[in-house]
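The values are calculated or read from the model by the stated rules, or taken from the named source; none is laboratory data. The structure presented is a predicted model; accordingly, all values stated were derived computationally and were not measured. Here the Cβ positions follow ideal geometry from the backbone for every residue, glycine too, while neighbour counts run over all protein chains shown. Accessible surface is based on the protein model in full, side chains and every heavy atom, while ligands, DNA and RNA are left aside. Shrake-Rupley method; radii C 1.70, N 1.55, O 1.52, S 1.80 Å.
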Amino acid sequence: MVLIYVQRVTPRVSYTFKQICRRVLGFEIDFTSKIESFIAHNGPKFSYGKQPLGKELYFQSVDLLFEYGFNEVNIQVLPWDETRCFFKIKHPDAALPFDIFAASFYLLSRYEEYLPHVKDELGRFVATESIAYIHGFLQDPVVDIWAYKFKNVLQEKYSNISFKQKKYKVVPVISVSQTFAYWQKGIIRSIGGILKDLWRLRLPEVSDRIRTALGIKKDSYDTFDFFINLMKNKKRECIVLFGLGDYSNYEKNINHSNLEHRKVIKHVSDYMDVGLKVSYSAIDNFEILKKEKTRIESIVNRQLQYSICAFYKIKLPEAYRSFIELEIQEDFSMGYPDQLGFRAGTCSPFLFYDLDYEVQTPLMVHSFCCTPKSLDAKTSKVDIKEQVINCMQKIKKVNGVFIPMVSNGLFSELNNQTYWKSIFEFIWNTNENTSN
C-alpha cells in the first residue's frame, strides 16, 4: 500500500488517484491529510500539493482537483518525450513536469463536454472540438501513457511496490441497428424497398429482397453465425448490442416483439454477451429507455448489463444518470464514429464521474477506439490493417483494452468492401498474452 499526503481529499482527488493507481497500474493506495501520519509511515509514500513537506517524493498540483463545478480552463499542451501533456508545473523538486492527475481528470470526466461547444446535426460533441484532436494526441491513450511514466518514478524510488499487472485484451463490440436487411420487414416496407431499388436500377438488390422475403435465401444482415463460429474456434469476450427502439426516422429495426427477431437475439445470447443499443429517442427520455430495457431483459431473461447510445450520442450527464438509475452497469458509447482515437484519452475502463454532483458513479465506461467509418478514408485493405495494427500496438504497450466497434451489416454481401471479414478475423485471432 502506498500512502498519499494531500492537504484535502476531495472527490476528484479520490476518483483520479484510484483510477490511475488501482485500475490502470494495479496497486493499493490510502490518503492522509495529517502530516504526522505521513511522516510516521515507513512504507512507500508521496505527497501531492502546492509545496513539498520536505524531501519526500513529491508531485506538484494545479487547482483542478480541488475545485468544484466547471469553468473555462487555461490549457497549454506541450511535448513530453514521445507524448504530449498539459498543466505544466514549475516546482524544481516535482517528480514529473506536468500534473498528470489533473490532466487525466480533465479527460476522463469529459470536462470539455460540459463547456460551451459546437454540436453536430445530431446534437453530438464532435472530435474536432476536443483538445486531443486540436493538439494531435487523439490517437494516443495518453492517460495510460502518463500513468506508466508515473509508475517508473515510483519504481525508481520504491522498488518493493507490488503492481498487479493487468493484461492487454481485445473486446469486439457489434452494434446492431438492423437485425435484418429485408427479412420480416412487412409487406408495405418490402414493396416500398423494391420500388425504390427498381427506380435506382438496383436489380441485384431487388432479387435479393424477393428471395429473402420468400425464405429462399438467408437475410444478408444475419451474419451472427460468423461471430459465433469465431467464438467456437477461439473463446473471446464479445458483446452484441441490439436496437429495440420503436420505428422512427432514426430507428429502422423490425418490431421488438417479432418472433424471428427475438429468436436471433436469444440465439446470439447463448454464445456472446448481449446488451441494448439505446435508441435516439431514449437517450434523453427516461421512460422510453426504461421500456427498451424491459424489452431486452424479457428476451434474454437476464438483467441488462451493457449499453451503447445510438449514433454514439452521449448527452452528458443526463444520459448516464438514466443508465445509473436503471442499474445499467457498463456503457460502450465513449468514442467518435468518424475519428480513430480515444475520446476520454484512455484505453482502460473507468467509472463515470458526474461533474454536476461531484461524485464518482457506479457506471463503468468503456472507450472504443475505431469504427469502420474512422478507417474507411484509407484506400485499401492494407492501409486499414496497418491502422488497426498501429492502434493495437499502442494499447498493448499500456496493457489496455482494444475495442473495435463494428456492425452486423459490415460483413454482409451487400457491403462491397468484402475485406472486412478478414480484418475482423485478424483482430479476433490476435494474441492477447503478449504484454509489456
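Projecting the alpha carbon convex hull of region 109-190 along each direction and taking the average yields 10.6 nm².
Under 5 Å between amide hydrogens, built in the peptide plane, is the criterion, and for F31 it picks out I4 among residues at least 5 positions away or on other chains.
Surface composition of the chain: carbon and sulfur make up 50 percent of the accessible area, probe 1.4 Å.
Go ahead and set up a Gaussian network model of the chain, Cα springs under 10 Å, then flag whichever of I239, I174, I216 fluctuates most. In this elastic network of the chain, the residue with the biggest mean-square fluctuation among I239, I174, I216 is I216. Ellipsoid fit via the Cα gyration tensor, region 1-40: semi-axes of 19, 13, 4 Å, each the root of five times an eigenvalue, largest first.
Give me the base-10 log of I(q)/I(0) for region 1-141 at each q in 0.15, 0.20 Å⁻¹, Debye formula, one uniform scatterer per Cα, rounded to two decimals. Reported log10 I(q)/I(0), two decimals: -0.82, -1.31. Given 20 °C and 1.002 mPa s, how large is the Stokes-Einstein diffusion coefficient of region 89-141 in µm²/s, with Rh as the Kirkwood radius over Cα pairs? In µm²/s, the coefficient rounds to 165.
Using a cutoff of 8 angstrom between alpha carbon atoms and counting only pairs six or more residues apart, the relative contact order for the chain works out to 17 percent. With semi-axes defined as the square roots of five times the eigenvalues of the C-alpha gyration tensor, the equivalent ellipsoid of region 311-366 measures 19, 12, 11 Å, largest first. Helix 142-157 versus the longest principal axis of the chain: what angle, 0 to 90°, nearest 10, using Cα atoms? Roughly 30 degrees between the two axes. Among residues other than F227 with Cβ under 13 Å from its Cβ, the summed charge is -1 (Lys and Arg +1, Asp and Glu -1). A straight chain from K234 to K217 at 0.36 nm per residue would run longer than the Cα-Cα distance by 3.3 nm.
Looking at region 335-436, the chymotrypsin sites (Phe, Trp or Tyr not before Pro) that sit in a DSSP loop and have at most 14 other Cβ atoms within 10 Å of their own Cβ are Y357, Y419.
Accessible-area rank, largest first, for W183, W80: W183, W80, with all protein chains present and a 1.4 angstrom probe. Relative to the first principal axis of the alpha-carbon coordinates of the chain, what is the inclination of helix 203-213, with its axis defined by its Cα atoms, in degrees from 0 to 90 and to the nearest 10? Computed tilt is about 90 degrees.
Here the extension length gained between L115 and K166 equals 15.0 nm, from 0.36 nm per residue of separation less the Cα-Cα distance.
Pick from G49, G123, G400: which is most flexible by mean-square fluctuation in a GNM of the chain where alpha carbon atoms under 10 Å apart are linked? For the chain, modelled as a Gaussian network with Cα springs under 10 Å, the answer is G123.
Each distinct pair of alpha carbons in region 69-167 adds a 1/r term; the inverse of their mean, the Kirkwood radius, is 15.4 Å. The calculated P(r) of region 272-430, using every Cα pair and 5 Å bins from 0, goes 2, 8, 16, 19, 18, 15, 11, 7, 2, 0 in percent. Among beta bridges identified by DSSP and lying wholly in region 1-111, the antiparallel ones come to about 25 percent. Pairing the Cα long axis of helix 286-300 with the longest principal axis of the chain, what angle in degrees results, from 0 to 90 and rounded to the nearest 10? Helix 286-300 and the main axis of the chain meet at about 70 degrees. Look at where the Cα atoms of region 321-340 and of region 122-141 average out, and the two centres are 17 Å apart.
If you wrap the tightest convex hull around every Cα atom of region 337-401 and split its volume per residue, you get 85 Å³.
Taking label points 7 Å from Cα along the Cα-to-Cβ direction, K291 and E413 give a separation of 3.8 nm. Go through region 81-152 and name the GluC sites (Glu not before Pro) that are in a DSSP coil and have 11 or fewer other Cβ atoms within 10 Å of their Cβ. Answer in residue order: E82, E121. Our summary gives region 77-192 a relative contact order of 18 percent, counting only alpha carbon pairs under 8 angstrom and 6 or more residues apart. From its DSSP helices (H runs of at least four residues, each -39,500 (n - 2.57)), the chain gives a residue-normalised ellipticity at 222 nm of -9500 deg cm²/dmol. Spherically averaged projected area of the convex hull of Cα atoms, region 217-318: 7.3 nm².
Its relative contact order, with pairs defined as Cα atoms under 8 Å and 6+ residues apart, puts region 254-317 at 37 percent.
Summarising the strand pairing of the chain, around 20 percent of its internal DSSP beta bridges are antiparallel.
Calculate, for Y148 and E327, the FRET efficiency according to 1/(1 + (r/R0)^6) with r their C-beta to C-beta distance and R0 45 Å; round to the nearest 0.05. The computed FRET efficiency comes out at 0.85.
For Q155 and Y247, the difference between the fully extended length at 0.36 nm per residue and the C-alpha to C-alpha distance is 27.5 nm.
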